[in-house]
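Everything on this sheet refers to the single structure shown next.
The values are calculated or read from the model by the stated rules, or taken from the named source; none is laboratory data. Here the structure is a predicted model, which is why all the values come from computation and not from measurement. Ideal geometry is used to build each Cβ from the backbone, glycine not excepted, and the neighbour counts take in all protein chains shown. Each accessible area value is taken on the protein alone, full model and side chains, heavy atoms only, with ligands, DNA and RNA left out. Shrake-Rupley method; radii C 1.70, N 1.55, O 1.52, S 1.80 Å.
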Amino acid sequence: MPELADPQTRPEPHGGPHGEPPALRRLLGLVGGASPLTRLAVITAIIFLVMSLLRPDPFFTAGNFSSMAFQIPEFALLSLAIMVAMLTGGIDLSIVGVANLSSILAVLVMRHLAPEVGGEAGTLGVIALGILVALLCGSLCGLLNGLCVSYINIPPILATLGTGLIFTGIATVLTGGAAMMGFPAEYSVIGNGTLLYVPVPMWIFVALAAVVAVILSRTAFGLKVYMMGTNPLASRFAGISNAGINIRIYMICGFLAAVAGLIIASRANSAKADYGEAYLLLSVLVAVLGGTNPYGGVGRVGGIVLAVLSMQFLSSGFNMMQVSNFAKEFIWGALLLVVMVVNLLQFRSAPAAPGLPRPQGQPAPSLDKT
Amino acid sequence: MPSWATRNEVIVALVIVALCVVTALINPSFLSLATLFDMLRNGILIGLLAIGVMLVLISGGIDVSFTAIAAFSMYAATMLLVDLGIGDSLLLAFLISAGIGLSLGMINALFIAGFGLPTLIVTLGTLSAFRGFLLAFVGSDLISNVPPAMRDFSRSMLVRGTDAAGYFYSLPTAVLFLIAAVVITWFILYRTMLGRSIFAVGGSREAAARIGFNVRATQVFVYGYVGVLAGTAGLIHASLARVANPSDIVGLELEVIAAVVLGGARLTGGYGTITGTLLGVTLIVLVNNTLVTLGIPTTWQKVMIGFLILLGTGLPAFQARLRANRMG
């Protein structure tokens, strides 16, 4: 944060606005620096350096970079979906259910139609149709979530918990709980192919992240989303249709989840009702780590990208140090709590960082009413 | 329609009766003491957990970590009892398990009441942290030689016998814990200032603070109480099963939350009844036990519970919306 010339707005030299001792403010300033994004970038770089120094052989190798690039897109897309939902002050706990249901529908379409049409063009057409069905399914699931939240007024947590169970349940019924195979061989490109040395799923993620970033920061719709997330009552009185915003946001969530599902299915060469269940907590963690405020109104795509990178570096590093899965589960949970506390102290001690729509002194009085 | 007819409790009670009638028509042996006691036995764990979740919802929060607390307390307590060779006292067993539950509940309270962080995300984090810590650092193997006190407790029955059709029936003493929890929670909610403060904080945090309720202390109590209930429920579960399995219980959280919201407790806080919660638990246990009898494969169980959550929350929310529209 550049030093402000105006003595009236300059923070007090001794003790912050909330009376923190100067030492604590200086410490937070060291961690916090210019903006939450810069701080996150520094943390990501530190994790990368530490892992490279601790395990240079397996970590700092082309093979590891390539495998990380293949692992990132699926949970990055899910994290993006959670972030978008959190912008409205809601949350989407059904994303994993949507992802699996969509990919199961895709594999059903592909394996029923692929043997009937011949030729390369026919197979490609069938794959395109399967993908289309999955994306449509994801968007419709999102529409259902949006309707539950905005028209029936069910709190997003319970609405998406309920629909998530229904989606997973339908997926279980469709597959009988087993892994569904039978994708055409060409479909594996989606999850396993490379284009210009970069994995295809990474291209997909980069493209979608760019689209979401443009929608959020360059369109009237994006501005309305931030406004509604900051203060739904004010946005309603400003003439914004909160219901319309919510429905479109949850449809975007569903769409992103369906894409993640397609990538997961392609990488696993099968679709199953309980793939990626651990991703739900990880996505919430990444969204919060990336600076998204669960109460709504604050969050950026750039934060998600950095948070995803740091999580992947940590995860791969832990794997190489042979940390058990249970220990990792413990670390993710503890990390989520620590990050939230650090964010809170940061918000309390620093004046509003540039680019953030509002200062985060105290959570809104409507605590937990999401 | 009169207002009582659209209350969740009435609707849930009607669904329960309808489900019982249909099941009894298909399978007449359903109407027996054995079935009733079986369902009571299955309801102890979910019932104890649901009472805790109801308090959290009334106070305006949500907790998904209680299953991890129950599993953690159950396993750590059993392990302590076995390793220290102090497994002869049932009271000590319950004190240790409830004490561990209380400490874990206090960790939730630290983040929620202390830092004011959103309850869903905090408890998602602690769910994963508690479970991960338990399985990575405490232990991941079954303890099947449960201490003598727990074994005796599992054999202790209030009623036992054989009915006319030759079915053996028994009601474990553990059901007394559920009854005690109901009575104590009722007393706290409706006969103490603490109970009023839980409703007040859930109804409007700001208003509660302004009329002098201590919001943080109330939240600390709520999350501590959930911890104690979860610890107790965990030990009962391990006793009845005569094995402490660290991967048990976790995964039940959605069923329990479904039971509570079906009973009419609102996530927006300030409203919830014990009768409703117990009816919700009954319905969930009934659904779990009768789907197979009704010829519905268990794969549909998740769909049913998800549908019930949407119905249980959607109906009152939709009515509130209609009322608001009528008024203006």
Original post:
Once you list every other residue whose beta carbon is under 10 Å from the beta carbon of B:T123, what net charge do they have if Lys and Arg are +1 and Asp and Glu are -1?
Top reply: -2
Subject >> Amide proton proximity set for B:M157, modelled H, under 5 Å, gap of 5+ >> reply: B:T173
Original post:
Looking only at other chains, what is the average number of their beta-carbon atoms within 10 angstrom of each beta-carbon in A:164-177?
Top reply: 5
**OP:** Can you sort B:L91, B:L291 by 1.4 Å-probe accessible area, starting with the largest?
**Re:** B:L91, B:L291
**OP:** Provide the per residue accessible area, probe 1.4 Å, for region B:36-249, rounded to a whole number of square angstrom.
**Re:** 37 Å²
**OP:** Provide A:I72, B:I179, B:I296 ordered by accessible surface of protein heavy atoms (probe 1.4 Å), highest first.
**Re:** B:I179, B:I296, A:I72
Original post:
When only DSSP loop residues count, what chymotrypsin sites (Phe, Trp or Tyr not before Pro) in region B:56-116 have their Cβ near at most 15 other Cβ atoms within 10 Å?
Top reply: B:F115
Original post:
Residues with amide H under 5 Å of B:Y169's amide H, sequence separation 5 or more or different chain, H placed in the peptide plane at 1.01 Å from N; which?
Top reply: B:G161, B:T162, B:D163
Subject >> For region B:187-198, 3J(HN,Hα) per residue [Karplus equation, 6.51 cos²θ - 1.76 cosθ + 1.60, θ = phi - 60°, Hz, x = Gly/Pro] >> reply: 4, 4, 5, 10, 10, 10, 5, 4, x, 4, 5, 5
Subject >> Overall Cα dimensions of region B:36-249 - principal axes, largest extent first, Å >> reply: 60, 44, 26
Original post:
What list of ³J(HN,Hα) couplings, whole Hz, do you get for region B:255-270 from phi and the Karplus terms 6.51, -1.76, 1.60, once you set θ to phi - 60° and write x for glycine and proline?
Top reply: 4, 5, 4, 4, 4, 5, 6, 4, x, x, 5, 9, 5, 6, x, x
Subject >> Over region B:36-249, relative contact order from alpha-carbon pairs under 8 Å, at least 6 apart, % >> reply: 43 percent
Subject >> Accessible-area value, A:C141, 1.4 Å probe, nucleic acids and ligands omitted, Å² >> reply: 10 Å²
Original post:
When all protein chains stay in place, what accessible area (Å², nearest 10, 1.4 Å probe) is found for B:R205?
Top reply: 70 Å²
Original post:
What net charge do the residues around B:G264 carry, taking every other residue with its C-beta under 14 Å from that of B:G264, with Lys and Arg at +1 and Asp and Glu at -1?
Top reply: +1
**OP:** Report the charge-dipole magnitude of the protein assembly as shown in Debye, nearest 20, computed about the Cα centre from +1 at each Lys and Arg Cβ and -1 at each Asp and Glu Cβ.
**Re:** 1500 debye
**OP:** Within 10 Å of each Cβ in peptide B:58-66, how many partner chain Cβ atoms are there on average? Round it to a whole number, please.
**Re:** 2
Subject >> HN-Hα J in Hz across region A:318-326 - Karplus 6.51, -1.76, 1.60, θ = phi - 60°, x for Gly and Pro >> reply: 4, 4, 6, 8, 6, 6, 5, 4, 5
**OP:** Heads up, I need the accessible area for B:L90: 1.4 angstrom probe, whole protein in place, Å², nearest 10.
**Re:** 50 Å²
Subject >> Cα centroid of region A:223-259 to Cα centroid of region B:269-328, whole Å >> reply: 27 Å
Subject >> For region B:193-266, convex hull volume per residue from C-alpha positions, Å³ >> reply: 114 Å³
Subject >> Interchain or long-range residues, amide H under 5 Å from A:T194's placed H >> reply: A:V200
Original post:
In whole Å, what are the Cα extents of region B:72-112 along the three principal axes, biggest one first?
Top reply: 37, 16, 12
Original post:
With every protein chain kept in the model, how would you rank A:D57, B:D152 by accessible area, 1.4 Å probe, largest at the top?
Top reply: A:D57, B:D152
Subject >> Charge tally in the Cβ shell below 15 Å around A:F65, where Lys, Arg are +1 and Asp, Glu are -1, A:F65 excluded >> reply: 0
Original post:
In region B:36-249, with Lys and Arg counted as +1 and Asp and Glu as -1 at Cβ, which of these residues, B:A241, B:I46, B:A180, has the Cα nearest the positive end of the dipole, that is, farthest along it?
Top reply: B:A180
Subject >> For region A:151-207 and region B:92-113, distance of Cα centres in Å >> reply: 38 Å
**OP:** Jot down the radius of gyration and Dmax of region B:221-328, Cα atoms only, both in angstrom.
**Re:** 16.7, 59
Subject >> Span from the region B:61-88 Cα centroid across to the region B:210-231 one, whole angstrom >> reply: 21 Å
Original post:
Can you give me the relative contact order of region A:230-314 as a percent, contacts being Cα pairs under 8 Å and 6 or more apart?
Top reply: 21 percent
Subject >> Listed residue (B:G139, B:S65, B:G114) projecting farthest to the positive dipole end of region B:36-249, Cβ model >> reply: B:G114
**OP:** Find the all-direction average of the projected area of the Cα convex hull for the protein assembly as shown, expressing the result in square nanometres with one decimal place.
**Re:** 35.8 nm²
